[in-house]
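We did not get these values from a lab; they are worked out from the coordinates using the rules stated. A quick note: this is a predicted structure, and the numbers were derived from the prediction, not measured. Here the Cβ positions follow ideal geometry from the backbone for every residue, glycine too, while neighbour counts run over all protein chains shown.
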Amino acid sequence: LAMASHNVITFQPQFLAAPRAGEWQSGLLDCCSDCGVCICGAFCFSCLGCQVTGDMDECCLCGPSVAMRTLYRTRYNI
């Protein structure tokens, strides 16, 4: 049997899920770019929460924080 050469891995490629420090993904006033969401959040926050949970295929009764927690735990294998 011939011995196979062994390659030693000295650097593991990394997947960056989050932006690097100091880089913003949105502008200062991007929260007002969608007027419908902005108005809905200002005047009927619970309706906006139900819309967010519906977009994440979660139950509205659990609330948006539970839906977001579930989404991020699944996405990042936490």
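Its relative contact order, with pairs defined as Cα atoms under 8 Å and 6+ residues apart, puts region 34-76 at 24 percent. Note down the net charge around residue 49, summing +1 for each Lys or Arg and -1 for each Asp or Glu among other residues with Cβ under 14 Å from its Cβ. Combined, the nearby Lys, Arg, Asp and Glu give -1. Net charge in the neighbourhood of residue 74 (other residues with Cβ under 13 Å of its Cβ; Lys, Arg +1, Asp, Glu -1) is +1. Based on the Kirkwood approach, the hydrodynamic radius assigned to region 34-76 is 10.6 Å, with every pair of different Cα atoms included.
In plain terms, the chain from residue 23 to residue 47 could stretch by 5.5 nm, reckoned as 0.36 nm per residue minus the Cα-Cα distance.
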